[in-house]
2 protein chains.
Amino acid sequence: MDAYTPSERSQVRRLPKRAAYDREQVYSILDEGYVCHVGFVAGGQPYVIPTGYARAGDRLYIHGSPASRMLRALEQGAEVSLTVTLLDGFVLARSAFHHSMNYRSVVVFAKARLVTDPAEKLEALRAFTEHVLPGRWAEVRQPSERELNATSVLVLPLDEASAKVRTGPPVDDEPDYSLPVWAGVVPVRMELGEPVADGRVLPGVAVIDTGRFRRG
Amino acid sequence: MDAYTPSERSQVRRLPKRAAYDREQVYSILDEGYVCHVGFVAGGQPYVIPTGYARAGDRLYIHGSPASRMLRALEQGAEVSLTVTLLDGFVLARSAFHHSMNYRSVVVFAKARLVTDPAEKLEALRAFTEHVLPGRWAEVRQPSERELNATSVLVLPLDEASAKVRTGPPVDDEPDYSLPVWAGVVPVRMELGEPVADGRVLPGVAVIDTGRFRRG
């Protein structure tokens, strides 16, 4: 299996048994999430900004207004740390100390690059839409020239990344198993509610099928 | 209402109409989330690490192993940007460009300080447990001296923070409302699954009541 070689910065230091460096694992976590947290330094100050994203092959795309602080910092070639975290469950132990969470997370390290090629930019916008709702791109009006110019797209190569995963039950200290306390995992998942039309949907247009969403 | 005065770094630049600077809004988002993303700079490199947290009054606590990269960087007084993001829905418009997400996020800027006072440290550990499951602290074995020493707790004053919120339907370009495309919001929420006991729960111990969790 294709694996990342951990770098100084991508190597998981804490609880290395939870680390994973294979691309398949990294990609599957990225493909399941919807929001990433982008870390960058501007003026010596760290910023962490949540934003949408999409993966296409060995590249990850984010986008935003050209005027945003994030875009301005990143298009100048700043180093980025980008993290996606999926919360899978609450781990309830018999001692406060051993409480934990089950999760899957990915940290990507990269220098972002502004996408200038119009074809790659359009492909990235398609990927954003399809990442949220497969099939949506073909249903909606595609971007105009003006809209394309109003959007900046950044690409991050997925060359340096690591995953960290916790699964399974709590691990208690042996004497604590005699305590009359419930212990185990309460799973967490994302659920979709009933779609709420915006009031101007034309008669005869079917409501969106939430089964089309991932994790729907 | 008590309000933050936006600083150079905490002022929301992009889509300022979505910004909120009142403490009540900031606190309610922090209290609803479970995972924060902590951004810091170490050796010139930004890192973004997901971790649990808890708020107590005008302070936010995070914790971890004293050996972790994050703790080592932060306890030396590094600037921190800490973000909590709640995804509330997918906003489906008639054009690709106007697709969006409904969300609530908070960004906190602070210098972290290592908690050395044993009483404050214990209070923070109580807050972590109670943040995940109200009432849990009183049910479980409390931390031993050894466990307290194996945990580092950092405190961040909630003095400089901002919230950003998007709610409501998509906003399409007027001509696009004539398109036969479903548009509106598909709400997203966190759901809890059936608790999974760890196999060593004593006979007669009741399964955890998931109604006790926030958003359960």
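Give the residue that is modelled with the highest pLDDT, with candidates limited to residues of segment A:61-70 that are surrounded by fewer than 23 Cβ atoms within 10 Å (Cβ to Cβ) and within 17 Å of A:Leu125 (Cβ to Cβ).
Per the criteria, the residue is A:His63.
If I filter segment B:85-92 for residues that are within 11 Å of chain A (Cβ to nearest Cβ), modelled with pLDDT of 95 or more and part of a helix (DSSP H, G or I), do I get at least one hit?
Checking segment B:85-92: not a single residue is within 11 Å of chain A (Cβ to nearest Cβ), modelled with pLDDT of 95 or more and part of a helix (DSSP H, G or I).
Since A:Asp58 meets every condition but one in (1) modelled with pLDDT of 95 or more; (2) buried (at least 19 other Cβ atoms within 10 Å of the Cβ); (3) over 21 Å from B:Leu71 (Cα atoms), which condition does it not meet?
Only one criterion is unmet by A:Asp58, namely (2).
Can you spot a residue in segment B:20-30 that is within 8 Å of chain A (Cβ to nearest Cβ) and either under 29 Å from B:Phe213 (Cβ atoms) or in contact with a Cys (Cβ under 7 Å, 6 or more places away or on another chain) (or both)?
Within segment B:20-30 (the criterion being within 8 Å of chain A (Cβ to nearest Cβ) and either under 29 Å from B:Phe213 (Cβ atoms) or in contact with a Cys (Cβ under 7 Å, 6 or more places away or on another chain) (or both)), the answer is no, since none of the residues qualifies.
Within segment B:157-184, track down each residue that is of a type outside the set (A, V, I, L, M, F, W, C), more than 30 Å from B:Pro6 (Cβ to Cβ) and in contact with a strand residue (DSSP E or B) (Cβ under 6 Å, 6 or more places away or on another chain).
Scanning segment B:157-184 gives B:Asp176, B:Gly184.
Sort out which residues of segment A:172-184 are on the phi < 0 side of the Ramachandran plot and touching a residue at least 24 places away in the same chain (Cβ under 8 Å), and write them in order of number.
Hits for segment A:172-184 are A:Asp172, A:Asp173, A:Asp176, A:Tyr177, A:Leu179, A:Val181, A:Trp182, A:Ala183.
Please verify whether segment B:185-195 includes one or more residues that are of a type outside the set (Lys, Arg), at positive phi and touching a strand residue (DSSP E or B) at 6+ places or on another chain (Cβ under 6 Å).
no
Checking the conditions here, which among B:Arg141, B:Arg126, B:Arg200 is closer than 30 Å to A:Gly39 by Cα and touching a helix residue (DSSP H, G or I) at 6+ places or on another chain (Cβ under 9 Å)?
The conditions single out B:Arg126.
I need the strands (runs of 3 or more DSSP E) fully contained in segment B:103-216, keeping only those with at least 1 residues that are out of contact with any His (no Cβ under 8 Å at 6 or more places or on another chain) and either loosely packed, with under 13 Cβ neighbours inside 10 Å or at the interface with chain A (Cβ under 7 Å from one of its Cβ atoms) (or both).
Of the strands (runs of 3 or more DSSP E) lying wholly inside segment B:103-216, those with at least 1 residues that are out of contact with any His (no Cβ under 8 Å at 6 or more places or on another chain) and either loosely packed, with under 13 Cβ neighbours inside 10 Å or at the interface with chain A (Cβ under 7 Å from one of its Cβ atoms) (or both) span B:184-192.
The values are calculated or read from the model by the stated rules, or taken from the named source; none is laboratory data. Treat the numbers as computed from the prediction; the structure is a model and nothing was measured. So basically every Cβ, Gly included, is an ideal-geometry build from the backbone, and we count neighbours across all protein chains shown.
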